[in-house]
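A.B. asks: Sharing a structure, written as structure tokens. Questions coming.
The values are calculated or read from the model by the stated rules, or taken from the named source; none is laboratory data. A quick note: this is a predicted structure, and the numbers were derived from the prediction, not measured. When we count neighbours, we look across all protein chains shown, and the Cβ atoms used for this are built from the backbone with ideal geometry, even at glycine.
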Amino acid sequence: MYKKLFLKGLLVALCFSFATPTQAGFLSKSAKTLGVVAVLSALYVGAQLYCGNTLNDVWMFAKEFAKNPREMGGFGPCSPYLGDAATACIQAKQIGQKPRRFLEVGPGTGSVTRRLVKKMVPGDTLDLVEMQPELCRSLEREFCSPEYKDFNIAVHEKMIQDFKPSEKYDSIVITVPFNAFPAAVVKDIWAHVLRMLADGGTVSYVAYCQMDKLKKMEYFFDAKKTADYKVNLTFLSDLHKLYGVGKATEYKNVLPINTFYFKFNNPADIRFDV
């Protein structure tokens, strides 16, 4: 119902702004401003739909972004094409292989999750760790449903640092915005992720293209944040050099986005200075 009202509101704002005379003073200026907002919103929604996102995903992301813009850390839900890229390191199950365990950190609206479950077979386990309560409820409705009864899928409403599984994972997919966190938090997240990863396991994470340049501009007048961000970039760069096995860029997403792939042997032995 809310999604339909949202779209109808955009349409009314567009019609109202173009129908109002240009010499009509304050009302006209307000209507034109409303019209510009409506046009930009319509273009944004159109771009998201073109990239393969559902209207429900766009609506859910917009609501959560309005409440917690920094925690959402993105410009919209990940496109299905990015979902394919983020899960590309997950290979098909081999004959005789035991049931696999997967973890997705920050699944959000579930756009990447839908691609991940396509690579699962009955008996596999998937844990979804998401800190936004409403997004957790949405994920539970979709993925803890009879449609996926052959899989072991669970949603956990908490920060990844507070998540302590009983067994390790074969593959971990991360979509949390590392660029938005202090360097110490990023290192802490990675240290925790590696403690949960099985030997020879894979990790992939996504980051907007050129976001490092945008962040440098944002922190230009804040020397402390600039220094911390440089530490963050150096840490991630070193991680790529030591353990990275590839990178893919997806352009069919609202703003191009990179996926970085890693493979870790003996991940529990890796230590960071947090």
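A.B. asks: Based on this model, can you work out whether Tyr169 counts as over 16 Å from the mean Cα position of the chain (by Cα) and surrounded by 19 or more Cβ atoms within 10 Å (Cβ to Cβ)?
C.D. replies: Judged against the criteria, Tyr169 is a match.
A.B. asks: So which residues in region 162-182 are under 24 Å from Gly76 (Cα atoms) and without any contact (Cβ under 8 Å) to a residue 60 or more places away in the chain, if there are any at all?
C.D. replies: Matches in region 162-182: Phe178, Phe181, Pro182.
A.B. asks: If you go through region 50-69, how many residues are of a type in the set (A, V, I, L, M, F, W, C), within 17 Å of Pro177 (Cβ to Cβ) and over 14 Å from the mean Cα position of the chain (by Cα)?
C.D. replies: The total comes to 1.
A.B. asks: Just give me the residues in region 227-272 being modelled with pLDDT under 90, part of a helix (DSSP H, G or I) and closer than 30 Å to Gln48 by Cβ, in sequence order.
C.D. replies: Tyr229, Asn232, Leu233 - these are the residues of region 227-272 that are modelled with pLDDT under 90, part of a helix (DSSP H, G or I) and closer than 30 Å to Gln48 by Cβ.
A.B. asks: Checking Thr234 against (1) exposed (fewer than 15 other Cβ atoms within 10 Å of the Cβ); (2) under 20 Å from the mean Cα position of the chain (by Cα); (3) not charged (D, E, K, R): exactly one of these is not met. Which one?
C.D. replies: (2)
A.B. asks: Which members of region 163-194 meet the condition of being of a type outside the set (Phe, Trp, Tyr) and more than 14 Å from Leu103 (Cα to Cα)?
C.D. replies: Of everything in region 163-194, those that are of a type outside the set (Phe, Trp, Tyr) and more than 14 Å from Leu103 (Cα to Cα) turn out to be Pro177, Asn179, Ala180, Pro182, Ala183, Ala184, Val185, Val186, Lys187, Asp188, Ala191.
A.B. asks: Has region 100-114 got any residue that is surrounded by 13 or more Cβ atoms within 10 Å (Cβ to Cβ), of a type in the set (Lys, Arg), modelled with pLDDT of 95 or more and within 20 Å of Pro80 (Cβ to Cβ)?
C.D. replies: Looking through region 100-114, at least one residue is surrounded by 13 or more Cβ atoms within 10 Å (Cβ to Cβ), of a type in the set (Lys, Arg), modelled with pLDDT of 95 or more and within 20 Å of Pro80 (Cβ to Cβ).
A.B. asks: Moving on. Does Thr202 satisfy the criteria of being modelled with pLDDT of 90 or more, touching a Lys or Arg at 6+ places or on another chain (Cβ under 6 Å) and in the same structural domain as Asp124 (by TED's automatic domain parsing)? Spell out how you get there, then give the answer.
C.D. replies: Values: modelled with pLDDT of 90 or more: yes; touching a Lys or Arg at 6+ places or on another chain (Cβ under 6 Å): yes; in the same structural domain as Asp124 (by TED's automatic domain parsing): yes.
So Thr202 passes the test.
A.B. asks: For region 149-185, give me each residue that is part of a loop (DSSP other than H, G, I, E, B) and aliphatic (A, V, I, L, M).
C.D. replies: The answer is Met159, Val176.
A.B. asks: Which condition number in (1) buried (at least 17 other Cβ atoms within 10 Å of the Cβ); (2) modelled with pLDDT under 95; (3) of a type outside the set (Gly, Ala, Ser) is the one that Asp124 fails?
C.D. replies: Failing condition for Asp124: (2).
A.B. asks: So which residues in region 110-143 are part of a loop (DSSP other than H, G, I, E, B) and among the charged types (D, E, K, R), if there are any at all? Walk me through how you get there before you give the answer.
C.D. replies: At the first step, the residues of region 110-143 found to be part of a loop (DSSP other than H, G, I, E, B) are 110, 118-124, 131-132.
Selection gives Lys118, Lys119, Asp124.
A.B. asks: Would you confirm whether or not region 86-109 contains a residue that is in a loop (DSSP other than H, G, I, E, B), among the charged types (D, E, K, R) and in contact (Cβ under 8 Å) with a residue 60 or more places away in the chain?
C.D. replies: Scanning region 86-109, I find at least one residue that is in a loop (DSSP other than H, G, I, E, B), among the charged types (D, E, K, R) and in contact (Cβ under 8 Å) with a residue 60 or more places away in the chain, so the answer is yes.
A.B. asks: Can you tell me which residue is surrounded by the most Cβ atoms within 10 Å (Cβ to Cβ) among those in region 135-156 that are among the acidic types (Asp, Glu) and more than 16 Å from Val105 (Cα to Cα)?
C.D. replies: Across region 135-156, the extreme among qualifying residues is Glu142.
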